[in-house]
Amino acid sequence: MYVLPPHLANGARSYAELYADILASYRSSPLISASSVTILVSADVDALCSARMLSTLLHQDDIIHRIMPIPGYGQLEAAFDDAANRPELRTLILLNLGGLLDLATEEWFGKAGPSLKIHVIDSTRPTHLANYFEAPDVHVWDDGSVAKLSEQLRKSFEFTFTAPEYVSDSDDSDDFDSEDGEAQEQSEEDEDAEYGDRDSTSGKRRSLGDNDKPSKRRRKGHDRPKKSIREEYNYHQKVVNQYYYSGISYGQSASATIYILATVLERVDNDLLWLAILGLTYQYTASRVSREYYDSQQSIYEDEVSRLNPLPSDGVHTSLNPDDVSVRSSEELRFMLFRHWTLYDAMFHSSYVASKLGIWKERGRKRLTGLLAKMGFSIGQTQQPYAHMDIDLKRDLVQKLNDVAPEYGLVELSYPSFMRYFGYRSQPLSAADAVEGISALMDIANGVKIDIEIEGARNGGEWFGGGRAWEANAGREFTKKKGEGDVSEQRQVTPSDGGQPNLDGAPPNPYADLHARTHIWWVKNFWTAYDALDE
């Protein structure tokens, strides 16, 4: 089933009531409470920020919980198997994953029993209709997307979910056109009985979109011809499939959902606001949401920034004191890390600029140079660190880009964003730069191997020597920050499978071992990025 945000709930259950259910379930079983709450986190910045925010709220309520990074569906299946074998598990929270799966089937959580409550906080659309309407133990924290579903889609889903599946057109044509129809119908009834026995013994509910063999059972006691019912079923199935195959889109970020929860609980502060801003910025810089949607959400966060961070009367844009950790509005450019790099390199390596100008071609690089020249920026100025550029050029940068860049097909180069201040410890950090840094940590925080060609090695004479691999950040081990030994947060680092010898004495699968080591490497990156959110 689904719940709506407070402003759309109209007095019905909302986020705060679901969170209260999580607390009540945890406190009602003190003997098993230490392992009764698990959070599964997807591999993106928005999910990482929402996990940090939710963990903060749970810490404030003294709720012990476990966080498990999930880089892919292989680890998701392992987590589901773990949930089925842990009867003490009462609450499972999925952040940016699981929405498109029929979680109540035995392929996923059907074996866990009614004691397990599943909470889905996923920005990915579409969401499986069974999670919306037919799974009482699955709670979808919706943003109002369910209200946009047509009434026809709901009726079609109800029909296909409750009605038996009918034979395909080819089988039906045999039923109605064969001269030996009665004998064939008798054989089909016998086959139906056998198939029904197998289905009843498994107790498995069929998931929408599966390619399993359809049941050939017929409704009894209806007055309409079988062929007309079959055609009606096929029509409704087509409507449902059109919903699932319409493509992937994204709605309200998971971090925004947790921020709404914190607002209702009256626990909002600058730290939670900053993480929610990072989640929205990640959606926009990753082209998951449109500019129109981003502007609508940004205006909401701008009001929150003004409420929590009143500007000084003189309007200065520097840290006010050594402990100033305020968040303020700013104008951002779609150039990667340009404040920490040279302007030319930031534009050259920007995915938006590269795709518009064709940077990978010589003509594209000339167009970039021509753009900077037309703006009045010399090559020497643009290829020195941005902090060392002339103040006049930096002050007029946004205005000149807005005047000249549209001639090169570069529109919406600037957008409203936010910056976080850190007192006198460092320069302010923009939300876009923070997203880039967190994304890099999740990818290569604990090293990456790069093949280096040396003279006489492979690709330069493979008969005369061997190449070598340079491993960035080699030897760095995963460690928690000092003072983070809080038992209220249990971290999952080691995978539960991969690389183990088989019971029959066969050697271990080398690919399984590689998969296990890759998973451990990614989990280390995840926790490094997770800790960096506080730094």
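The values are calculated or read from the model by the stated rules, or taken from the named source; none is laboratory data. Treat the numbers as computed from the prediction; the structure is a model and nothing was measured. Virtual Cβ from ideal backbone geometry, glycine too; neighbours counted across all protein chains shown. All accessible areas refer to the heavy atoms of the entire protein, side chains included, with ligands and DNA or RNA removed. Shrake-Rupley method; radii C 1.70, N 1.55, O 1.52, S 1.80 Å.
Among the residues of region 432-446, at least one is part of a loop (DSSP other than H, G, I, E, B) and either open to solvent by less than 80 Å² (accessible area, probe 1.4 Å) or at pLDDT 90 or above (or both). Residue count for region 34-47, restricted to those that are closer than 27 Å to Lys111 by Cα, open to solvent by less than 40 Å² (accessible area, probe 1.4 Å) and of a type outside the set (S, T, N, Q): 5. Restricting attention to region 1-47 and to residues that are touching a Phe, Trp or Tyr at 6+ places or on another chain (Cβ under 8 Å), farther than 12 Å from Thr91 by Cβ and in a loop (DSSP other than H, G, I, E, B), the residue that is modelled with the lowest pLDDT turns out to be Met1.
Restricting attention to region 321-351, the residues that are in contact (Cβ under 8 Å) with a residue 60 or more places away in the chain and part of a helix (DSSP H, G or I) total 2. A single entry from Arg328, Arg334 fulfils the requirement of being surrounded by fewer than 18 Cβ atoms within 10 Å (Cβ to Cβ) and charged (D, E, K, R): Arg328. Among the residues making up region 268-320, a single one is part of a helix (DSSP H, G or I), open to solvent by 70 Å² or more (accessible area, probe 1.4 Å) and among the hydrophobic types (A, V, I, L, M, F, W, C): Ile300.
The rows are residues; the columns are (1) basic (Lys, Arg); (2) more than 23 Å from Ser145 (Cα to Cα).
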| site | (1), (2) |
| --- | --- |
| Val3 | no, no |
| Ala47 | no, no |
| Phe80 | no, yes |
| Arg86 | yes, yes |
| Lys111 | yes, yes |
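Of all residues in region 230-267, how many are assigned to a helix (DSSP H, G or I), without any contact (Cβ under 8 Å) to a residue 24 or more places away in the chain and closer than 24 Å to Ile93 by Cα? Residues flagged as assigned to a helix (DSSP H, G or I), without any contact (Cβ under 8 Å) to a residue 24 or more places away in the chain and closer than 24 Å to Ile93 by Cα within region 230-267 amount to 1.
Conditions (1) among the hydrophobic types (A, V, I, L, M, F, W, C); (2) at pLDDT 90 or above; (3) over 24 Å from Tyr250 (Cβ atoms); (4) open to solvent by 50 Å² or more (accessible area, probe 1.4 Å), marked per residue:
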residue	(1), (2), (3), (4)
Ala135	yes, no, no, no
Val138	yes, yes, no, no
Phe159	yes, no, yes, no
Ala163	yes, no, yes, no
Ser170	no, no, yes, yes
Asp177	no, no, yes, yes
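Taking the stated definitions as given, is Asp102 over 23 Å from Ser255 (Cβ atoms) and part of a helix (DSSP H, G or I)? Answer is no for this residue. The conditions of being buried (at least 16 other Cβ atoms within 10 Å of the Cβ), at negative phi, of a type in the set (A, V, I, L, M) and touching a Phe, Trp or Tyr at 6+ places or on another chain (Cβ under 8 Å) are met by Leu368. Return yes when Tyr245 is farther than 19 Å from Leu533 by Cα, touching a Ser or Thr at 6+ places or on another chain (Cβ under 7 Å) and either open to solvent by 60 Å² or more (accessible area, probe 1.4 Å) or aliphatic (A, V, I, L, M) (or both) and no when it is not. Criteria not met by Tyr245. The single condition among (1) open to solvent by 30 Å² or more (accessible area, probe 1.4 Å); (2) in a helix (DSSP H, G or I); (3) of a type outside the set (D, E, K, R); (4) within 30 Å of Ile277 (Cβ to Cβ) that Gln427 does not satisfy is (2). Answer yes or no as to whether Arg154 is over 29 Å from Ser287 (Cα atoms) and either open to solvent by less than 10 Å² (accessible area, probe 1.4 Å) or not aliphatic (A, V, I, L, M) (or both). Yes; evaluated as a whole, the condition is true for this residue. For region 48-93, filtered to residues that are at pLDDT 90 or above and assigned to a loop (DSSP other than H, G, I, E, B), the residue that is most open to solvent (accessible area, probe 1.4 Å) is Asp62.
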